[in-house]
Structures are given as C-alpha cells and as structure tokens.
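Heads up: the structure comes next, in structure tokens.
Nothing in this text is a laboratory measurement; each read-out follows from the coordinates by a stated rule. Just so we're clear, the structure is a prediction, and the values are computed from it rather than from any experiment. With ideal geometry, Cβ positions are generated from the backbone for all residues, glycine too; neighbour counts draw on all protein chains shown.
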Amino acid sequence: MFNSTTPVNRRLLLQGSAAALLLTGCSSAVSGSSSTTTATLAATTRHEEGAESVTFPSDSVTIAGNLYRPQGFDASRKYPAIVVSHPWGGVKEQTAGLYARSLAEQGFITLAYDASHYGQSEGLPRDMEDPSHRVRDIRSAVTYLSNHGQVDANRIGTLGICAGGGYTIDEAQTDLRVKAVATVVAYDMGAAAREGIEGAPVSYEARLDQLNKINEQLTREAGGDPLVEQLVPSPDTMTGQTPAFFREAADYYLTDRGGHPNAKNRFVVTSVGLHMAYFPFAQIETISPRPLLLIAGENAQTLNFSQNAYDLAKEPKELMFIPGASHFDLYDRPQYVKPAVARMTTFFTKHLA
C-alpha cells in the first residue's frame, strides 16, 4: 500500500505542493485537507440555486451535474445549451457553477458537472487528473445535452475554465456537434507541466528529474494505492518568494471565497506524467470554421496559453483581455466576471442562433 502518509514516498516525489503546482499549474482545492480551513460555502451555494441535479454516463463512469435553466423556462421550447467544464481538481459548485448560472440567466440551458474522479462523480482513483478522461467527460456531457428534451441539439456550445479551457479546446477539435467554443483563462496542462508558467518556470532538467521520480513511483505502487499529495499549498507555508499564482490559488480555494468540501485539495502525483505528454492545441485549427472565443486576464500569469491558442487557431477567433484581471480574478470577482459573461452572451447568442 502506497499513500500520502508514507514518509519515504512523500520525500520521493514533488517535495511539497508548491513544486507540484510549479509543474502542473491550475488547481482546485478546499476543506477536507488538514491544512485548510473549512469553508462556509456561502459563495458556492449561491451558484447552485435553481439548479437541477442530473447524472449521465461517461463510458463506465456516472457523472454528476447541475443543470441550469433560463428564467421563464418554457418546457415546450428547445433552447441553445452550453457545457461548462471546471479547473483541475475543481467541482461544479465553484467557478464552473458561477458561469453556468450566469449564462442560464442570459437564456441558455447550461450544464456544470464534476469530472470523473472528482466531487459527486464516480471514478477511481479519486483526485486523478487524466486529460483523456476529462476530454471524454466533455464529450459525454455534449451527448447528454444532445438528447435532452428541451435542448436544440444543433445549438450546443462549450465553455472551459482554466484547465477545463484546454480540455474544451481539445474536445471540440473532433466533436462537430459543438458549434461554438469559449474559454476563460485557458490553461494548457501539457505546456505547464513541461515548461511552467510566468513567474514559475520549469527547466528541462527539472522535467526529466520529475519524470524519473514518477516512473519510479509507478513501479513502486503497482497493485497498491496511488501516492496522493496536497494540491494547493497551505498559506502558512508560503513566503515572500512564493509566486503570486500560488498565493492567489490559496486565497480562492482555501477560504470561504471559493472553497467547497467536495474539492479535496488532493491530486494523484503520477498523473503529472500524463500531463507532460498532453498537447491540447495540436489540432486547434480544425475547430474552424466554428468560432473560438478566448478570454484572459490582462495580468494573468497564464496569459501566454490563451495567446498561443489564438495564434494557432484559424478564423473566426477572438482573444479578449479583461483589464486589470489576474488568473483567479476571473473565477469569481464580479468586476471581471461580468464583462466576460457579457461577451460570452453575445458570442453564444450569435453562434448558437
């Protein structure tokens, strides 16, 4: 049995959560970890108001979702619909729920869901971040909406936040049912694992060292439980040299602001090896002629991912910068979320008409 309490294994890999984030970037977290504070859920509960709990299959796994309907919903009509995918380690009650509810208020049926291995969805091991499963889950969500009685199957779009943005771009490349694609602070899990982010680079040597440790761990834990580590570092472990990205992550995920007990602030360490082999933008040009909208914070340390996606994509495409916003500002800060939702409303209304 190999788990997060085995001292030799904890020393073997990642040497602490800050190193994990350095290699892997977007994260989600919250109460349930001994190093975090239990959240009151005041903010995240608001995102769930009016939602219907639904389930749907994703291969052999059952996915749990929250379905949001427009105000004045008319069951005799068919509506355009949007799948909303959460960040790495996140759950549907956090920023994905905020965007899903906000877009439902603008006239769309929206679906925020827990990806496989997270929250109320099935999937073992828990807290595993497998890019292929994340893409599969988006496709399954599109299938669910395509068969929903009040959804027009010819008017389905997708929205992804942070790592969910990278997965959403990937999924749309081969799913022609998706008519329009949008992202908020899109995160390229592969590039982040291989190269890092602004302010927290990863050298080639560090990457190889990490892969060696992951490979050793895969051999060591064969037939036993996977090694699990804390995802977002605790505030009391941070110093003046801690990159701002990590401090902002803790401020959102490890406080009442965005914390939720279904997000456990854990990740399967060896999943980082899967991230290093992941290239979500490899065929981004094939989304065209369907439209792509990328929204990023002007001050986000992840801005280069949205810029890179924009440069690689073909028309029609748009890159919108939210002035003054950092990466995590666009998770929930009203002054930044509102213009993002306004632009997405115009975008989806036009292209899902």
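Annotations
- Per-residue 3J(HN,Hα) values for segment 56-67, derived from phi via the Karplus relation 6.51 cos²θ - 1.76 cosθ + 1.60 with θ = phi - 60°, read 7, x, 10, 6, 8, 9, 9, 9, 9, x, 10, 9 Hz in sequence order (x marks Gly and Pro).
- Considering only beta bridges that DSSP places wholly inside the chain, some 35 percent are antiparallel.
- Candidates VAL268, GLN335, GLY324 compared by Cα position along the dipole of segment 241-353: farthest toward the positive end lies VAL268, with charges placed on Cβ.
- Estimated [θ] at 222 nm from DSSP helical runs (n ≥ 4, -39500 (n - 2.57)) normalised by residues in the chain, nearest 500: -10500 deg cm²/dmol
- As a calculated quantity, the FRET efficiency between ASN299 and ARG177 at R0 = 25 Å, using C-beta atoms, amounts to about 0.10.
- Dipole size of segment 103-217 about its Cα centre, with +1 on Lys/Arg Cβ and -1 on Asp/Glu Cβ: approximately 360 debye, rounded to the nearest 20.
- Coupling constants for segment 290-300 follow from the phi torsions by the Karplus curve (6.51 cos²θ - 1.76 cosθ + 1.60, θ = phi - 60°), and in residue order they are 6, x, 10, 10, 10, 10, 9, x, 4, 9, 6 Hz; glycine and proline get x.
- Our summary gives the chain a relative contact order of 24 percent, counting only alpha carbon pairs under 8 angstrom and 6 or more residues apart.
- Once the chain from ALA153 to ARG126 is taken as fully extended at 0.36 nm per residue, the excess over their C-alpha distance is 6.5 nm.
- Point-to-point label distance, ALA244-THR345, nm (Cα→Cβ direction, 7 Å offset): 3.0
- Alpha carbon centroid spacing (whole Å) that separates segment 260-320 from segment 322-353: 16
- Tensor-based shape of segment 60-110 (alpha-carbon gyration tensor, a/c under 1.5 rounded, otherwise prolate or oblate): oblate
- For segment 127-189, the dipole from Cβ point charges (+1 on Lys and Arg, -1 on Asp and Glu) about the Cα centre works out to 340 debye, to the nearest 20.
- If you take the Cα centroid of segment 56-91 and the Cα centroid of segment 109-179, the two points sit 9 Å apart.
- Placing unit charges on the Cβ atoms of the charged side chains and taking the dipole of segment 150-234 about its Cα centre, the candidate lying farthest along the positive direction among GLY160, GLY199, THR219 is GLY160.
- Residue among GLN94, PHE305, ILE138 farthest towards the positive dipole end of the chain, charges placed on Cβ: ILE138
- Magnitude of the charge dipole for the chain, about its Cα centre and with charges confined to Cβ atoms of Lys, Arg (+1) and Asp, Glu (-1), is about 560 debye.
- Residues SER76 and LEU208, FRET efficiency given R0 of 45 Å [Cβ-Cβ distance, rounded to 0.05]: 0.15
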